[in-house]
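The values are calculated or read from the model by the stated rules, or taken from the named source; none is laboratory data. In this text the structure is predicted, and so the values were computed from the model without any measurement. We place every Cβ from the backbone using ideal geometry, glycine too, and count neighbours over all the protein chains shown. With ligands, DNA and RNA removed, areas are computed over all heavy atoms of the protein, side chains included. Shrake-Rupley method; radii C 1.70, N 1.55, O 1.52, S 1.80 Å.
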Amino acid sequence: MVDVGVIIVSYNVAGLLRKCLRSVLASQGVRLTVCVVDNCSTDGSADMVAAEFPEAHLIVSPENRGYSAANNLGIRYFRALFPPPRYILLLNPDTEVPPDGIARMVAYLDSHPEAGVAGPKLVRPDGSLDLACRRSFPTPEVSFYRMVGLSRLFPKSRRFGRYNLTYLDPDVETEVDSVVGAFMLIRRQALDEVGLMDEDFFLYGEDLDLAFRIKARGWKVLYYPKVVVLHHKGESTRRSRLRSIREFYRAMLIFYRKHYAPTSPRLLRWLVTAGIYLRWGVALAVIRLEGLFPARPRPPA
């Protein structure tokens, strides 16, 4: 039986995808199979995978329907295998995993049968922590502290620093609300219980939504920092900043309306929705101002 079915959704990051696949296929101590879902790239990514990595199963989507829809193609592929993998790993193409990283994550989940999801410590190329690798759910309270800047002003506060759990030691394993979809190892049983990813989420929020549904079924989500994964982060979205901002705030609205609005008072629903739209408008205004007044390059020292 295959231990892990690895799903890598890629969009116009052929160079990073090549590095990611090399690292995954060099994994030791684990039985895995890889499915690459190319989300209608125009940079030759699909041809590169077919030519250089024939051992990977390649799905070429005729259109970019978003991260959730593409991952669902991979999930359906692995569900059709007999027997299906014990775990599904959602992995971004801008990551590089250590040779024993996936095996150690599998062993960790094997030793924690109460957990449905686990994620490692993710670091940026400069060695800094990718804050998204361990998160709380964006409740109205947590989101408010984030939107007004209190989480940045008081990152060590247990009240204000909950968005990215910045008050916790990043090297201590802990139970969290969610890990990030850049490396999200999911027990197949937990995934079978909650179903596919919600395709209303195009780019952001789908991992939070999946973790929310898995925790609602009684499973735990664990952060395991003894495995460290490199995350270049944002290469696909950086090329379309306006689209990225739109999908981020649209995801916030979807998540709130799906999980919190039905039990919220009408006034709170109005305030939260208005706040999201206000932040969305401010973010767009900042981009337009940056376009009108681009930063001048600094003279050489």
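On inspection, K226 does not qualify as over 24 Å from E114 (Cβ atoms) and open to solvent by 40 Å² or more (accessible area, probe 1.4 Å). Quick check on region 241-249. Is at least one of its residues of a type in the set (A, V, I, L, M) and within 26 Å of P85 (Cβ to Cβ)? No, region 241-249 contains no residue that is of a type in the set (A, V, I, L, M) and within 26 Å of P85 (Cβ to Cβ). Comparison of E175, E141, E193 shows that the only residue that is without any contact (Cβ under 8 Å) to a residue 12 or more places away in the chain and either of a type in the set (D, E) or open to solvent by less than 40 Å² (accessible area, probe 1.4 Å) (or both) is E141. The residues of region 265-289 that are more than 27 Å from the chain's Cα centre (by Cα) and open to solvent by less than 80 Å² (accessible area, probe 1.4 Å) amount to a single one, L268.
Among the conditions (1) more than 23 Å from A251 (Cβ to Cβ); (2) touching a helix residue (DSSP H, G or I) at 6+ places or on another chain (Cβ under 9 Å); (3) crowded, with 21+ Cβ neighbours inside 10 Å, the only one that Q28 does not satisfy is (3).
Look at (1) in contact with a helix residue (DSSP H, G or I) (Cβ under 8 Å, 6 or more places away or on another chain); (2) on the phi > 0 side of the Ramachandran plot and you find that A182 fails only one, number (2). The set of residues in region 57-79 that are outside any helix (DSSP H, G or I) and either of a type outside the set (A, V, I, L, M, F, W, C) or modelled with pLDDT under 95 (or both) comprises H57, S61, P62, E63, N64, R65, G66. Quick check on G149: is it surrounded by fewer than 20 Cβ atoms within 10 Å (Cβ to Cβ) and closer than 19 Å to V228 by Cα? Here the answer is no, as G149 does not meet what is asked. Looking at this structure, is L168 within 18 Å of Y204 (Cβ to Cβ) and of a type in the set (A, V, I, L, M, F, W, C)? Taking the combined requirement at face value, the residue does not satisfy it. Here E235 clears all of (1) surrounded by fewer than 18 Cβ atoms within 10 Å (Cβ to Cβ); (2) modelled with pLDDT of 95 or more except the condition numbered (2).
For beta carbons closer than 7 Å, sequence separation of 6+ or different chains, a first residue in region 254-275 that is within 18 Å of D200 (Cβ to Cβ) and a second that is open to solvent by 30 Å² or more (accessible area, probe 1.4 Å) and among the aromatic types (F, W, Y), the qualifying pairs are H259/F212.
Looking across region 89-120, the residues that are open to solvent by less than 20 Å² (accessible area, probe 1.4 Å) and farther than 21 Å from E173 by Cβ come down to P93, D94.
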